[in-house]
Structure formats: structure tokens, C-alpha cells
Amino acid sequence: MWEPQHHHSPLKVAASETKEPWCISTLNRLKEASPLSLKVSLRSIREGRFQTLDQCLLREYRMTLQAISKQISGDFCEGVRARMVDKDMAAKWDPPTLEKVSQDMVDQYFLPLSEFEPDLELPTKSREAFF
């Protein structure tokens with residue numbers, strides 16, 4: 001299974017062998033992204049394949065609040081600064097490389113929120129009243 005830190009990813013191989021513009025462009029965009037966000041996104045995609053819509057929405061809600069809280073990393077704000085405020089496209093990610101992103105950092109994005117931040121409550125009962 002492909003891991004983002006793997007040096008011979010299928011995308012990297014396809015980009016070098018085919019010179020396909022889409023592969024090259026996508027690979028370049030991934031290199032610009034926050035290493036922490038890449039690992040969090042990959043885990044989210046993998047988990048989402050086996051979850052219901054409600055579970056996916058809850059997971060995405062937690063991830064979003066973690067990203068903007070700056071408790072794990074300030075990468076979200078740094079990305080906004082680099083792309084939209086200063087427009088220098090020179091984000092300084094923390095941690096700066098995939099290898100320096102710990103499993104613990106990724107895990108924190110998927111934990112239940114603190115007691116001061118309620119989890120997402122979906123209107124499941126009213127929506128499923130027809131079943």
C-alpha cells in the first residue's frame with residue numbers, strides 16, 4: 001500500500017515514465033502541501049472507505065477543528081498566509097518533512113474533541129424516520 005513518504009510511489013513512477021502532465025502537476029502540488037496534512041488526508045481517505053456518511057462527516061468535522069485550533073500544528077494558518085495573505089507561496093510547514101510527522105500527531109486529528117467543544121450532532125433520527 002502506498003505511503004506518502006515512500007520514495008517510489010505509483011504517482012512518482014507514472015510521472016517519470018509517462019511524462020503525463022496530470023501526473024507531473026499532481027506530484028508537484030503534493031510536494032507543496034503540508035506534510036502533516038498529507039498524512040492526515042491519506043488516513044481520512046482510507047478510513048472513509050469503510051464508514052457511513054455520518055461517520056465521515058463526524059471525522060471531517062473533528063479534523064477541521066483540530067486543523068484550525070493550532071494545538072497540533074499551525075500549518076492551516078501558515079498555508080492561508082502563504083497562499084492568500086502574503087501570496088509568497090513559501091509556506092514553512094511544521095513539521096517540515098513527511099519523515100518528521102509522528103503517528104501521534106496524525107492520531108490526534110481523529111480523537112474526540114475536548115469537553116468544551118461538542119462533537120457534530122447530525123439529525124439522524126428525523127432523517128431516518130422513514131425506515
Label of the coordinate-derived value, semi-axes √(5λ) of the Cα gyration tensor in Å, listed as (1) 30, 21, 14; (2) 34, 18, 9; (3) 21, 17, 12: (1)
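Given Lys70/Lys92; Lys19/Lys87; Lys31/Lys87; Lys31/Lys92; Lys19/Lys100; Lys19/Lys92, which pairs have Cα atoms separated by over 23 Å?
Pairs exceeding the cut-off: Lys19/Lys87; Lys19/Lys100; Lys19/Lys92.
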Nearest-0.05 FRET efficiency for Lys12 and Glu117, computed from C-beta distance (R0 41 Å): 0.60
Selected from Leu38, Leu120, Leu58 as most flexible by GNM, with the chain as the system and alpha-carbon contacts under 10 Å: Leu120
Residues Arg81, Arg46 arranged by fewest to most Cβ contacts within 10 Å: Arg46, Arg81
Label point distance in nm, Asn28-Gln108, each placed 7 Å from Cα along Cα→Cβ: 3.4 nm
Residues of the range 86-113 with amide N under 14 Å of a point placed 7 Å along Cα→Cβ from Lys70: 94
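Bear in mind these aren't lab numbers, they're just calculated from the coordinates by the rules spelled out. These numbers come from a predicted model, not from an experiment. Positions of Cβ are backbone-derived with ideal geometry, glycine not excepted, and every protein chain shown enters the neighbour counts.
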